[in-house]
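Throughout, read-outs are computed from the coordinates displayed, never taken from laboratory work. Note that the coordinates shown come from a computational prediction; the quantities given were computed from them, not determined experimentally. Positions of Cβ are backbone-derived with ideal geometry, glycine not excepted, and every protein chain shown enters the neighbour counts.
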Amino acid sequence: MKIYKFDEIDSTNKFLREKSDITEGDLAIAKVQTLGRGRRGNKWVSTEGAALFSFVLKHDIEIPEEEYMKLSLLIGYSLLYSLKKIENLDYKFKWTNDLYLDEKKISGILVEKIKDNYIVGIGLNINNLNLEEAKNIAISLREKTGKIYDLDKVIVTVVEDFYNNFQEFKKGKWKEILEKINEVNYLYGKRINIVTFDKEESGIAGDILEDGMLEVFVGNEIKKYNIGSIHISKK
Ligand code: BTN
């Protein structure tokens, strides 16, 4: 396991993705990213003070491929668990893996699969102060509490907690984990827009289900939506 630290890099995910000799637990940390990447090709604003890091998780051949559908949720849950230890606030989990505080986004996660490795990239708003135009949609821990946090400590806590929670997951504790996720389900009861490749629907979000899908009440029907196949916007 190696740790790579950068004052500035394009993207910590890209760095690990392109490295030929990565091993489980390798960790890349940046103070600033010039090309921070979000999901669906979005840009991730990566200014100093945020915790910006990626680590390598090897595909465990004993775990069936479909179980990895839950990975995205597990990482989000684990991040919420770590944040609670750092500052015990009322975070919400927005399916599939964003974390919210006071109705604003506090973290984003990008998981990419490269051969037998998953690159788990996390952007966590900790000491950064959001620009005026982002203040309505994003929040940092410092903006909430006025405190400054030790970023290295935050990152180590998050990565260690993830590996511990992943062990629990491997031991078959998914049901317990899912129950905890549903206790802080940000979308629950909210009217949402679901945009699939061929249509747009509106419905009321329900629970996150055992297979990681989201239950949505659309008219008289109960539908299930898959991670990645839809885009959600609050109405
Ligand atoms: C999202 O919410 O769209 C996911 C954002 C993920 C951002 C992190 S920052 C560290 C790592 N490097 C990247 O380029 N992206 C992830």
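Amide H contacts for LYS5 (H built 1.01 Å from N in the peptide plane; partners 5 or more residues away or on another chain; cut-off under 5 Å): ILE29. Ordering GLY41, PHE93, THR23 by the projection of their Cα atoms onto the charge dipole of the stretch 1-134, which places +1 on the Cβ of Lys and Arg and -1 on the Cβ of Asp and Glu, puts GLY41 at the extreme positive end. Computed over the chain with a Gaussian network model linking Cα atoms closer than 10 Å, the most mobile of ILE86, ILE222, ILE181 is ILE222.
Between TYR77, GLY108, PRO64, the Cα set farthest toward the positive side of the dipole of the stretch 1-115 (charges on each charged residue's Cβ, about the Cα centre) is that of GLY108. Annotation for ARG191 and ASP207: the two label points, set 7 Å from Cα along the Cα-Cβ direction, are 2.5 nm apart.
In the elastic network of the chain, a GNM with C-alpha springs shorter than 10 Å, the most mobile of GLY121, GLY146, GLY49 is GLY146. Sequentially through the stretch 102-115, phi angles give Karplus couplings (6.51, -1.76, 1.60; θ = phi - 60°) of 6, 6, 10, 7, 10, 7, x, 10, 10, 10, 10, 9, 10, 6 Hz, Gly and Pro residues having no value and appearing as x. Two numbers describe the Cα atoms of the stretch 6-128: Rg and Dmax, which are 14.3, 41 Å.
Sort the stretch 78-225 into rounded, prolate or oblate with this rule: let a ≥ b ≥ c be the square roots of the eigenvalues of the Cα gyration tensor; rounded if a/c is under 1.5, and if a/c is not under 1.5, prolate when a/b is larger than b/c, oblate otherwise.
Here the stretch 78-225 falls in the oblate category.
Label positions at VAL32 and ILE114, each projected 7 Å from the Cα along the C-beta direction, are separated by 2.4 nm. For the chain, a crude dipole built from +1 on the beta carbon of Lys and Arg and -1 on the beta carbon of Asp and Glu, taken about the Cα centre, is about 460 debye to the nearest 20. Taking ASP211, ASP90, ASP198 as the candidate residues, the one with maximal mean-square fluctuation in a Gaussian network model of the chain, Cα springs under 10 Å, is ASP198. The amide H of ILE114, built 1.01 Å from its N in the peptide plane, has ILE119 as neighbours under 5 Å, considering only residues 5 or more places off or on other chains.
On a per residue basis, the convex hull of the C-alpha atoms belonging to the stretch 45-112 measures out at 109 Å³. Remark on SER202: its backbone amide H falls under 5 Å from those of ILE194, a criterion applied only to residues 5 or more positions apart or on other chains, H modelled at 1.01 Å from N. Mean projected area of the convex hull spanned by the Cα atoms of the stretch 121-166, taken over all viewing directions: 4.0 nm². Taking θ as phi - 60° and the Karplus parameters 6.51, -1.76 and 1.60, the scalar couplings of the stretch 126-133 work out to 10, 9, 6, 9, 6, 5, 3, 6 Hz in sequence order, x denoting glycine and proline. Coordinate range of the alpha-carbon atoms in the stretch 178-218 per principal axis, descending: 33, 20, 13 Å.
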